[in-house]
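Enquirer: Have a look at the structure that comes next, please.
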Amino acid sequence: MNILVTGGAGYIGSITCVQLIEAGHRPVILDSLVNAKAAVLGRIAQVSGIQPSFMEGDVRNKALLVQVLHDHKIDAVIHFAGLKAVGESVDHPLRYYDNNVQGTLVLIDAMNQVGVKTLVFSSSATVYAPSHDMPLHEASVKGASSPYGRSKWMVEEILADVVASDPSWSMTALRYFNPVGAHPSGLMGEDPQGVPNNLMPFIAQLAVGQRSVLRVFGNDYETPDGTGVRDYIHVMDLADGHLAALQHAHGRAGHHVFNLGSGQGHSVLEMLATFAQACGKSLLHEFAPRRSGDLAAFWADASLAEKVLGWRVRRSLQAMCEDTWRWQSQNPKGYTS
Ligand code: NAD
Ligand code: UDP
């Protein structure tokens, strides 16, 4: 299939492009490069042997989308493009609604005009309401606690409404838990701008000496070691989840929603210890107050994806850390090195 991958120069999108190519598909990337570097395109080619077509542009540009969908005879779209920093979304909510919600509206409009009716959307576990009732399954109570999370939930509701109005659409929302890791080649991985907010890229930068100490936000949670617990998923497993979702969606109209997670929680200290083992260094940490808005623990019930898509995670926490370390140690400055 010819697949338009919006946000395909980003962390998850670029690695998904490699997996698409390996599965025999032709990805076409549309990315504004607002949070990516063009150098990733050469890496996709290096890893997969094929450099996908690339358009630098914004998903809010309908004319461009119509042209790309038409000229590349696109069969389906995977929509990664969006802004993703939870804290920034609190300070700049309109930026998030414009990019994430309006961007998707324009995309759907363009797809409708060209007659491309299969869409796979990057949603997030942030759509769920804070809860002590674990694991989270697709029907768990919704209630995002940031504009970012709400933008994802709004899009999910829009997708459902569009399918209800025109049942020939196939709309799939994939709710990612905590994507980490890198391509096992060490050539592709996460390249955050500035000081990473997320745990894994921070630990990776600590391991190469770019950070001096990990501040562990809270050690008095009701978790086995008192630190926060999350469901980490290897980005390669996540990419494979998109392939499974695409295969399921193509030619199967309707509205589909799946959690993509491992179904297991790991604590901050467990992550740090596993990473230390992977890189062979001891990594400094200190306990700091809880981070505002953080939950103690959440993880996925990923059984629906296994049942319907035949997908489940295959890569371990060790693999997540080893692959991240290979990427970070070989590319300490990310794609600019
Ligand atoms: P990323 O920032 O690396 O990738 C997003 C890409 O979209 C970037 O390359 C950026 O340049 C591009 N982009 C942003 N706005 C655009 C626009 N208006 N037009 C065209 N391109 C645009 O992020 P990622 O981690 O690869 O995440 C991909 C998707 O998955 C996002 O939608 C994100 O919200 C979602 N998601 C990510 C996580 C995570 O922890 N990484 C978790 C849940 C959901
Ligand atoms: N965390 C931490 N120090 C950091 C970054 C994160 O202790 O510098 C903790 C955070 O409190 C949470 C876990 O690591 O318990 C995962 O945080 P991340 O931001 O990666 O994911 P999210 O909280 O958005 O699921």
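The values are calculated or read from the model by the stated rules, or taken from the named source; none is laboratory data. These figures come from a predicted structure and were not determined experimentally. Note: ideal-geometry Cβ built from the backbone for every residue, glycine included; neighbour counts use all protein chains shown.
Enquirer: For the range 214-294, list the strands (runs of 3 or more DSSP E) that sit wholly inside it and hold at least 3 residues that are within 9 Å of ligand 2 (Cβ to nearest atom), aromatic (F, W, Y) and touching a His at 6+ places or on another chain (Cβ under 9 Å); which are they?
Expert: none
Enquirer: (1) among the β-branched types (V, I, T); (2) free of Cβ contacts under 8 Å to residues at least 60 places away in the same chain; (3) more than 10 Å from ligand 1 (Cβ to nearest atom): which one isn't true of V59, the others all being true?
Expert: Unmet condition: (3).
Enquirer: Quick one: R175 ticks every box in (1) in contact with a strand residue (DSSP E or B) (Cβ under 7 Å, 6 or more places away or on another chain); (2) near ligand 2 (Cβ under 8 Å from one of its atoms); (3) under 24 Å from F258 (Cα atoms) bar one, so which box is it?
Expert: (2)
Enquirer: Of all residues in the range 62-91 being aliphatic (A, V, I, L, M) and out of contact with any Leu (no Cβ under 8 Å at 6 or more places or on another chain), which is nearest to ligand 1 (Cβ to nearest atom)?
Expert: Among those residues, the one meeting the criterion is L83.
Enquirer: To continue, here is another question. Can R26 be described as more than 17 Å from the chain's Cα centre (by Cα), under 19 Å from L238 (Cα atoms) and away from ligand 2 (no atom under 16 Å from the Cβ)?
Expert: So R26 passes the test.
Enquirer: I'm checking my understanding of the structure. Among residues of the range 109-135 that are out of contact with any helix residue (DSSP H, G or I) (no Cβ under 8 Å at 6 or more places or on another chain) and part of a helix (DSSP H, G or I), which one is surrounded by the fewest Cβ atoms within 10 Å (Cβ to Cβ)? It would help to see each step written out before you state the result.
Expert: Let us first name the residues in the range 109-135 that are out of contact with any helix residue (DSSP H, G or I) (no Cβ under 8 Å at 6 or more places or on another chain), namely 112, 115, 125, 128-135.
Checking the rest, the ones that are also part of a helix (DSSP H, G or I) come to 112, 125.
On the way: N112: 13, A125: 22.
Ranking the qualifying residues of the range 109-135, first place goes to N112.
To keep it simple, each residue is scored yes or no on (1) over 26 Å from H266 (Cβ atoms); (2) at pLDDT 95 or above; (3) in contact with a Leu (Cβ under 9 Å, 6 or more places away or on another chain).
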site	(1), (2), (3)
T118	yes, yes, yes
F121	yes, yes, yes
H137	no, yes, yes
V155	yes, yes, yes
I158	yes, yes, yes
S168	yes, yes, no
G189	no, yes, no
N198	no, yes, no
L206	no, yes, yes
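Enquirer: What's the total number of residues in the range 264-322 that are out of contact with any helix residue (DSSP H, G or I) (no Cβ under 8 Å at 6 or more places or on another chain), in contact (Cβ under 8 Å) with a residue 40 or more places away in the chain and among the basic types (K, R)?
Expert: Qualifying residue count, the range 264-322: 2.
Enquirer: Keeping to the range 82-108, report how many residues are surrounded by fewer than 16 Cβ atoms within 10 Å (Cβ to Cβ) and among the basic types (K, R).
Expert: Total satisfying the criteria: 1.
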